[in-house]
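Readers should treat all values here as calculations from the given coordinates under stated rules, not as data from a laboratory. In this text, all values refer to a predicted model and were calculated from it rather than measured experimentally. Cβ sites come from the backbone with ideal geometry, for glycine too, and all protein chains shown count toward neighbours.
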2 protein chains.
Amino acid sequence: MNLGRLNHVGVATPSIEKNLELYRTLFGAEPHGPAFDLPAQGVRVCFVDTPNSQIELIEPLGENSPIVKFLEKNPLGGQHHVCFEVPEIHAAKAEFEEKGARILGEPRIGAHGTLVFFVHPKDMGGVLTEIMETPKSAH
Amino acid sequence: MNLGRLNHVGVATPSIEKNLELYRTLFGAEPHGPAFDLPAQGVRVCFVDTPNSQIELIEPLGENSPIVKFLEKNPLGGQHHVCFEVPEIHAAKAEFEEKGARILGEPRIGAHGTLVFFVHPKDMGGVLTEIMETPKSAH
């Protein structure tokens with residue numbers, strides 16, 4: 001396994017709309033598409049494209065959203081996770097576990113419609129790391 | 001101005017060597033080249049390539065390193081900044097300032113040998129954002 005594409009950087013925000021306004025004002029950037037709910041992850045999501053990658057803006061969805069605590073500590077928002085692509089999610093999960101990295105829950109459908117899992121930040125130098133199966137149609 | 005290439009994600013770490021070991025073990029990834037000191041920024045730096053971008057591992061260089069406080073709050077390390085490319089650094093600085101974003105200091109030579117500046121995280125949704133002039137030879 002090699003380090004895969006940096007699919008996106010996840011940025012938590014109390015307001016996707018306000019954050020998009022920053023990207024619009026400072027960079028002239030528009031969102032990739034409208035924001036959408038991702039109930040399986042407890043977040044509302046909106047992507048902003050760079051020429052080579054994406055910024056994923058995530059806003060809490062529901063009271064039990066996993067990013068509520070992050071936003072209590074970082075009221076303005078901030079960098080929340082990075083996401084690397086792998087060719088096959090179950091093989092990646094098995095390999096990570098064999099090497100002693102803790103996986104947070106079972107693979108589930110992520111914002112790009114393919115399976116993802118998260119590696120515990122304590123096993124990745126303090127960085128919450130999402131591992132995502134490359135979409136078949138991508139790149 | 002549009003949102004430029006996501007040149008890298010800056011990850012602060014108490015030990016580049018230990019962090020490289022994580023990338024090696026979990027992803028089979030080797031560093032782009034040896035670590036080097038960047039005294040102007042008060043950090044020691046090492047890049048790890050993804051197919052489309054880079055992770056920049058940064059370790060404190062000297063007692064006054066700007067990442068010492070970050071590591072006190074995040075002893076394991078963590079996501080420190082994102083870096084977007086622009087075609088011309090002085091034009092970008094003027095445009096950001098005109099739009100009310102606070103710039104941290106004057107443009108200075110960054111890890112890729114071109115001029116960079118940082119935008120105050122309070123003006124960028126809590127994300128410390130590096131703006132970097134695209135290297136002439138790149139891409």
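Observations on the model:
- The slack in the chain from residue A:15 to residue A:32, taken as 0.36 nm per residue of separation less the alpha-carbon distance, amounts to 4.5 nm.
- Neighbourhood net charge (14 Å Cβ-Cβ; Lys/Arg +1, Asp/Glu -1) for residue B:19: -2
- Dipole orientation for region A:6-133: of the candidates A:115, A:74, A:53, A:74 has the Cα lying most toward the positive pole (charges on Cβ; Lys, Arg +1; Asp, Glu -1).
- Fewest-first ranking of B:102, A:44, using other Cβ atoms within 10 Å as the exposure measure: B:102, A:44
- Under 5 Å from the amide H of residue B:5 lie the amide H atoms of B:85, each residue being 5 or more positions distant or on a separate chain, with H modelled from the backbone and absent for Pro and chain starts.
- Shielding by other protein chains, B:48-61, mean Cβ within 10 Å: 4
- Straightening the chain between residue B:91 and residue B:25 buys 19.6 nm, computed as 0.36 nm per residue apart minus the Cα-Cα spacing.
- Copies compared at residue B:25 - label distances in nm, ascending, label defined 7 Å from Cα in the Cβ direction: 4.4
- Per residue of peptide B:73-80, the mean number of Cβ atoms on other chains within 10 Å of the residue Cβ is 5.
- Convex hull volume of the protein assembly as shown per residue (C-alpha atoms, cubic angstrom): 122 Å³
- Nm distances between copies for residue A:36, ranked from closest, using label points 7 Å along Cα→Cβ: 4.3
- Cross-link partners for residue A:73 among the lysines, with Cα-Cα distance under 21 Å and sequence neighbours closer than 8 places in the same chain left out: A:18, A:122, B:69, B:73, B:122.
- The Stokes-Einstein estimate for region B:30-127, based on a Kirkwood radius over Cα pairs and taken at 37 °C with 0.692 mPa s viscosity, is a diffusion coefficient of 222 µm²/s.
- Pair residue A:64, residue A:99: separation of 7 Å Cα→Cβ label points (nm): 3.2 nm
- Hits among aspartates and glutamates - C-alpha to C-alpha of residue B:99 under 13 Å, sequence gap 8 or more where chains match: A:21, B:123
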